[in-house]
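Down below is the structure, laid out as structure tokens.
Coordinate-derived values only; no laboratory data. All values derive from a computational prediction rather than experimental measurement. Virtual Cβ from ideal backbone geometry, glycine too; neighbours counted across all protein chains shown.
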Amino acid sequence: MSTKKSLIKEAPLLEVKNLETAFDIEGTDYNAVDNVSFTVKPRQIVGVVGESGCGKSVMSLSIMKLLPKGIGKIKSGEVIFDGINLEKMTESQINKIRGKDVSMIFQEPMTSLNPVFTIGYQLQEVLFNHMKITKKEARQRAIALLKSVGISRPEKIVDEYPHQLSGGMRQRVMIAIAIACQPKLLIADEPTTALDVTVQAQILELLREIQSVNDMSVILITHDLGVIAEMCDEVIVMYAGRIVERTDVDTLFHNPKHPYTTLLMGAIPKMDETEERLSSIQGIVPSLTNMPKSGCRFAHRCPKAMPECFTITPKLEDVEQGHEVACLLFETSKPKEGVR
Amino acid sequence: MELVTQNEKNVMITPPKKSLSPWALARKKFVKNKMAMISSIFLLIVAVISFLAPYITTADITRINIGEMALEPSNKHWFGTDKAGRDVFTRLLYGGRISLLVGMSCTLFVILLGTFIGAVAGYFGGAVDSLLMRFTDFILNFPFLVFVIVLNAILFGKVSGLWVLIGVISFLSWGGIARIVRSKILAEKENEYITAAIAIGCSPAKIIVKHLLPNVLSTIIVQATITFATMIVVESGLSYLGFGVPQEIPSWGNMLNSANEPDVLQFKLWIWVPPALIITITILSINFIGEGLKDAFNPKSRR
């Protein structure tokens, strides 16, 4: 990990600027992703962590413009990938990038493969979409790809149907499809959530290996801090559609600043603990239609909340070099009287 | 002791299971369905015989023969002759050609048009969906019989009568298919593999044709058989009323046309019973085939 830190000064591969994604619910727009900005540098693994319903998936779908039509839309902001603004591209232009330069792995391997086609067909499809390649070559590539994601007997699996494969194997196939054209950026949306723990570890190991072999960047979306600690270089903590903290993984685990991050850390069960009950954060993420109109969105669950937390929206600001936090407690202009 | 060896033998005999595609599974199930298979064979025979009609009989189907009017079945005329002295058996064969042709062409057009409109409306949604579906409602609300008769009358003589009929019937019948396909596509496109397909850079056309349609194809095939049966009935009905296939072309419906005279209906059964019977059995067998296909494509049915 320390070798990767030296690369931080490189030009970013992906730059998300003030992204706002809204859902139209009964005629009113509600921002599921609110003013999110971050960068991903080449060969970097960026983790995005947060509770369910805090906009992680919506953000990743926005990057690839995969939001459900007619319901979700990108209201403002820019997604600049490799110098190109993806949000300004037409559907057919972005189709040339999807699967080739940016690919995605989905949460649910059981439904992410088309049941009527063989594994080989679905692997070859992405190759045919983006490369000039003969059928025979494509088949050989498909077999090689299956082998590279650790599937034994790839010559046989290539002719099988998704229903004949286990969840872990399907996720491996999904990874094979995602890396088929050697993308520069892989977005993995909770790739291990639907798998059991041993398979999870294998898949993460595989992702890591592929990342270093292919020299690609990864955005890893998860709600498992263990996965973050294992995999990532940098971490973005999201809450209710906003980034609350962003820093490298060591700092996050050793010196979390935002009260939300601190509470998340406290909720990790520890082996040496004598306590009987697991500490948790009281309350739930407010639903999209129920978001506080002003102030910090975490304020009503925050044990350190000050009166102004409910009125002033905190900005994401550097507290230390490379450590951004959005909390009034750390805003330099504010007195730190609220700290208990 | 013997039992053990028996078991071992069984183990050895069982070949390794080869993986079957969903289509192969459906085909296997369909072949096992006796009614559907008998119906398929019957339909195939009817189609082949009708198609080979010029080689089977040599009698003239259009020439009016006053000397042989309304003869009873005999060696020379197996099913007798009709009121214009034409051989009923010959006309039955040639009529099958027309009836099946009309049925199949209409089905083809109806399925193509309905699937296209349904799939586009379902996939794109929003304004496209509203527009196409209101158009579908509009078409479905046309009084079918009146419209067919009027259109047929307007176009009569300008284009070959048979294709006018096929066009008119097809144009008025695709609405139901479009609705069914749309609803199926709406459900199917929510699946994550569609999002995954978009994420690897497939264009909308490719998504619809390659990912969505194969998943709704079973529904379309079942609908096609039902449509086929309906279209034969529609052709017969219109022809019976005299608004269908032009009178000089024999079709099963046209042959029934003469059954509107009490004399024929009561005393000359050979003129109208053969076409009536063949229409009934054909439609019945098509419906059995449709039923069989429905079972074959249903993963929950095990028989």
*asked:* Apply the Karplus curve 6.51 cos²θ - 1.76 cosθ + 1.60, θ = phi - 60°, to the phi angles in the range A:303-312 and return the couplings in whole Hz, x for Gly and Pro.
replied: x, 9, 5, 10, x, 6, 4, 7, 10, 9
*Taking the Cα atoms of chain B, report the difference between the largest and smallest coordinate on each principal axis, in whole Å and largest first.*
76, 71, 31
*Taking H as built 1.01 Å from N, whose amide H comes closer than 5 Å to the amide H of A:Leu13, not counting residues under 5 places away?*
A:Val40, A:Lys41
*Expressed as a rounded percentage, what relative contact order does chain A have, with Cα pairs under 8 Å and six or more residues apart?*
19 percent
*Hey, got the Cα dimensions of the protein assembly as shown along the principal axes, in Å, largest first?*
117, 75, 50
*Return A:Arg153, B:Arg86 ranked ascending by Cβ neighbour count within 10 Å, so the fewest neighbours appear first.*
A:Arg153, B:Arg86
_Crossing angle, helix B:34-51 versus chain B [Cα axis fit, 0-90 degrees, rounded to tens]_ = 50 degrees
*Which of the trypsin sites (Lys or Arg not before Pro) found in the range A:90-155 are in a DSSP loop and have at most 16 neighbouring Cβ atoms, other than their own, within 10 Å?*
A:Lys96, A:Lys132
_Listed residue pairs exceeding 20 Å between alpha carbons, taken from B:Lys34/B:Lys184; A:Lys41/A:Lys184; A:Lys96/A:Lys132_ = B:Lys34/B:Lys184
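Given an 8 Å cut-off on Cα distances and at least 6 residues of separation, report the relative contact order of the range A:1-112 as a percent. Show your work: numbers first, answer last.
On the way: 138 pairs, mean separation 32.1, N = 112.
The value is 29 percent.
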*Lys pairs in the range A:207-340, Cα-Cα under 16 Å, at least 8 apart or on separate chains: how many?*
9
*For the residues B:Ser258, A:Ser92, what sequence is obtained by ranking on other C-beta atoms within 10 Å, fewest first?*
A:Ser92, B:Ser258
*Take chain A, connect every pair of alpha-carbon atoms lying under 10 Å apart with a spring to form a Gaussian network, then pick out the residue of A:Gln282, A:Gln211, A:Gln182 with the largest mean-square fluctuation.*
A:Gln282
*When chain A is modelled as a GNM with alpha-carbon springs shorter than 10 Å, which of A:Val33, A:Val249, A:Val197 fluctuates the most?*
A:Val197
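Can you sort A:Ile45, A:Ile187 so the residue with the fewest Cβ neighbours within 10 Å comes first?
Neighbour counts put them in this order, fewest first: A:Ile45, A:Ile187.
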*Counting only C-alpha contacts under 8 Å and six or more residues apart, can you give the relative contact order of the range B:35-146 as a whole percent?*
18 percent
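Once you average over the residues of A:97-108, how many Cβ atoms of partner chains fall within 10 Å of each Cβ?
On the way: counts 1, 6, 7, 2, 1, 2, 4, 5, 2, 5, 1, 4.
So the per-residue partner count for this stretch is 3.
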